[in-house]
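Asks: Handing you this structure, nothing more for now.
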Amino acid sequence: MPIIMYHSILNDKKLQNDYTISPTLFEKDLKYLNDNGYSTVIVEDLINYVYHGKDLPDKCIMLTFDDGYYNNYYYAYPLLKKYKCRAVISPIASMTEKFTQTQDISVTYGHISDDNIREMVNSGYVEIQNHSYDMHTLTPRKGVSKKRGESAEDYKNAITSDITKAQNYLENVTCKKPSCFVYPFGAKSDGTEEIVRELGFVCTMTCTEEANVITRDKESLFELGRYRRDGKESMESLMKSIRNS
C-alpha cells in the first residue's frame, strides 16, 4: 500500500517547490485516483484491518499532509469532499495552538486552527495524527532525534513530554486520541521507536520512500514508508514508479 506525503498547496507558482504543489495538480491527483479505482484509507482503517479483522479495499492508498498548513483546509479539504477522498493531516500542535489564539489566517504561512480541525474531522474526510508539539526544527535537535551529547534519560524525557503534550492537545480538540506518530523530517534515533510505542502509538510513519505491505501482523503498521509529492510528475507517473520499485 503506497502512502503519498503532501505538505503545502498554493496557487502562487513562485512558492511552489519540492514541498508545495498547486491546487490544480492536487485535483488532478484525486481525479486520477478515482478514475483508476483507488480507495483512500486512513490510519483507522489500517487498525481495523490489523486488530479487528476488517477488510481493506483491493486498491487502497493513503494521502497524508504534514505540518497542518491552513492551505490544507482552504484548498485540499474542499477537493477531498468533492472527490469523496479521505486524508490524514498531522499538524505541528504548537502551531495550531498559536494560530488558534492569534486568529491569523493566511494560505501562505498560516496553520490550521482548532475550529478548522473540528470541521474537517466531523466531515469524515480528514483524520488527525500526531506530528509532535514543537519538535519540528533542524537544530539543535532534528525533529525528535537525539541531540549530540544528550543522555538517554534526558532524551526520553524530552520527547515524551513533547509528544504527550501534542497528544493531549489534539485529543482535546478532536475528542479522539491520535493513534499514529508521524516523524518530523522522518528523523529518529536508536530507541525513539521504543519510546513512541511506550506512549501507546500503534502506528508510525517515516519519510522513507517505499511501499508498505500491510498484514494482520501488528508490526506491519510501524515505520510506514511514504512518497513525497513534489509535483515534478503526474500521479500516473508516480504510481507507475511505485509499482515498478
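Asks: Could you list all residues from segment 3-37 that are surrounded by 15 or more Cβ atoms within 10 Å (Cβ to Cβ) and assigned to a loop (DSSP other than H, G, I, E, B)?
Replies: If the condition is that a residue be surrounded by 15 or more Cβ atoms within 10 Å (Cβ to Cβ) and assigned to a loop (DSSP other than H, G, I, E, B), then HIS7, LEU10, GLN16, TYR19, SER22 are the ones that fit.
Asks: Would you mind finding the one in LYS54, LYS13 that is free of Cβ contacts under 8 Å to residues at least 60 places away in the same chain, closer than 13 Å to ILE214 by Cβ and either touching a helix residue (DSSP H, G or I) at 6+ places or on another chain (Cβ under 9 Å) or not hydrophobic (A, V, I, L, M, F, W, C) (or both)? Outline the logic, then answer.
Replies: Numbers: LYS13 fails: closer than 13 Å to ILE214 by Cβ.
Just one listed residue meets the conditions, LYS54.
Asks: GLY200: assigned to a loop (DSSP other than H, G, I, E, B), within 19 Å of the chain's Cα centre (by Cα) and modelled with pLDDT under 95, yes or no?
Replies: Working: assigned to a loop (DSSP other than H, G, I, E, B): yes; within 19 Å of the chain's Cα centre (by Cα): yes; modelled with pLDDT under 95: no.
Against the criterion (assigned to a loop (DSSP other than H, G, I, E, B), within 19 Å of the chain's Cα centre (by Cα) and modelled with pLDDT under 95), GLY200 does not qualify.
Asks: Take the residues in segment 162-185 that are β-branched (Val, Ile, Thr) and either touching a Leu at 6+ places or on another chain (Cβ under 7 Å) or at pLDDT below 95 (or both), then tell me which one is surrounded by the fewest Cβ atoms within 10 Å (Cβ to Cβ).
Replies: At the first step, the residues of segment 162-185 found to be β-branched (Val, Ile, Thr) are 163-164, 173-174, 182.
Right, trim to either touching a Leu at 6+ places or on another chain (Cβ under 7 Å) or at pLDDT below 95 (or both) and you get 163-164.
Numbers: ILE163: 23, THR164: 14.
Only one residue fits best here, namely THR164.
Asks: Restricting attention to segment 96-117, which residues are out of contact with any Phe, Trp or Tyr (no Cβ under 8 Å at 6 or more places or on another chain), in a helix (DSSP H, G or I) and touching a residue at least 40 places away in the same chain (Cβ under 8 Å)?
Replies: ASP114, ILE117
Asks: Considering only segment 38-88, state which residues are farther than 20 Å from GLU27 by Cβ, assigned to a helix (DSSP H, G or I) and not aliphatic (A, V, I, L, M).
Replies: Residues satisfying the conditions are GLU44, ASP45, ASN48, TYR49, TYR51, HIS52.
Asks: So, one more: List, please: which pairs have Cβ atoms under 7 Å, are six or more places apart or on different chains, and start with a residue in segment 232-245 that is more than 14 Å from ILE21 (Cα to Cα) and end with one that is surrounded by 13 or more Cβ atoms within 10 Å (Cβ to Cβ)?
Replies: That search, which allows pairs on different chains as well, returns GLU236/TYR32; LEU238/TYR227; ILE242/PRO2; ILE242/ALA211; ILE242/TYR227; SER245/ALA211.
The values are calculated or read from the model by the stated rules, or taken from the named source; none is laboratory data. This one's a predicted model, so the numbers in the text were calculated from it and none came from an experiment. No Cβ is skipped: glycine too gets one built from the backbone with ideal geometry, and neighbour counts run over all protein chains shown.
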